[in-house]
Amino acid sequence: MYDPFGMPDPRPVEPGEFPAWDEALALVNRDLATLLPEQGPLRLMALPSWEDEESQDEHVYVALSDGRWHGNDLPPGSDATPAAALAAVAEAAQDTVLECLWQVWPECTEHRLGMHPSRGAEGGDESGGEGGLPVWRCAGGRDARNPEHVRAIGELDPPYRPRRVRRKERKRRKAL
């Protein structure tokens, strides 16, 4: 294949190569399967450094199942703690889904707004740090009667489907 920019070919990351990112990606993929069941699981792709051909450094990206990705690579060292790895993978996954599929994900089922990775309820720094693990946060409700929603990454609820949609799905399955 002709590559006018001279970029090296990406390769799929083998399971276990980056264990912290693998565990984080498993949680994020659980949420992807819950809210976008028709979409295949996300995966990690590695791209050798193109600045220095002698370097062994690779840039790791969160990609769709077909290998496409969008956004920055996972920051070096973000796999040092489970909280940092989960924050980095969740943010990269959200960028990839949003830009490659042109779809807001994850979406708050009550407010119909996008949720964003944020530090856990226990405090700590922006990547989870000393507090809890990162969470998905919806800022849809900004008052006491309608508070914001916080859901643990990997534990999103399935969206509510109206009765008519469920009936159509049952009929379609019976026809198969």
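The values are calculated or read from the model by the stated rules, or taken from the named source; none is laboratory data. Everything quoted here is computed from the prediction, not taken from an experiment. Neighbour counts are summed over all protein chains in view; Cβ atoms, including those assigned to glycine, are modelled from backbone coordinates with ideal geometry. All accessible areas refer to the heavy atoms of the entire protein, side chains included, with ligands and DNA or RNA removed. Shrake-Rupley method; radii C 1.70, N 1.55, O 1.52, S 1.80 Å.
Using a probe of 1.4 Å, the accessible surface attributed to Met7 totals some 80 Å² when neighbouring protein chains are kept in position.
Sorting 83-89, 169-175 by their mean Cβ neighbour count within 10 Å, with the most densely packed peptide first, gives 83-89, 169-175.
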